[in-house]
Amino acid sequence: APPSRLSPADGVAATFCMPITTDRIAFVGDNRKILILKPDDIPTLKKGRGVMLQRYSHGGLFDIMPFNAKNGLSWKTGSRTRTVTDIAPWELKRGGAGKIAPLGFPRKQGWLL
């Protein structure tokens with residue numbers, strides 16, 4: 001069973017912490033690169049310290065979005081909702097940098113549906 005708590009090292013804070021009930025998670029860096037992982041690709045560490053999810057040359061983690069692959073990755077742009085159903089370009093190995101976001105992808109938080 002997964003650990004019931006998160007135990008970051010001294011001086012380190014968790015950016016996001018939530019239960020995941022979907023089959024994919026999109027990680028978005030400050031550099032506008034997206035990396036999509038399956039929850040099973042993320043190992044659980046016994047001490048609750050966490051693992052490297054996405055590598056950043058500049059900045060850090062901007063936002064995350066759990067979603068189901070069959071529905072595609074969706075985001076809000078004003079009053080419209082955009083969806084990408086071909087997520088293969090962003091489904092890469094854990095710890096990679098990811099690929100640049102599709103055209104129209106928001107540059108601020110709050111894009112989650």
Inset, instruction - Tally up the carbon and sulfur contribution to the accessible surface of segment 55-99 as a whole percent, 1.4 Å probe, everything protein left in place. - result: 48
Inset, instruction - Would you mind counting up the charge near G59? Only other residues with Cβ under 11 Å from its Cβ, with Lys and Arg at +1 and Asp and Glu at -1. - result: +1
Inset, instruction - Calculate, in nm to one decimal, what N71 and D23 gain on full extension: separation in residues at 0.36 nm each, minus their alpha carbon distance. - result: 16.2 nm
Inset, instruction - Please work out the Kirkwood hydrodynamic radius for segment 6-100, using every pair of different C-alpha atoms, and report it in angstroms with one decimal place. - result: 14.3
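The values are calculated or read from the model by the stated rules, or taken from the named source; none is laboratory data. Bear in mind the structure is a predicted one, so any value in this text is a computation, not a measurement. Positions of Cβ are backbone-derived with ideal geometry, glycine not excepted, and every protein chain shown enters the neighbour counts. The area values use the complete protein model at the heavy-atom level, side chains included, leaving out ligands, DNA and RNA. Shrake-Rupley method; radii C 1.70, N 1.55, O 1.52, S 1.80 Å.
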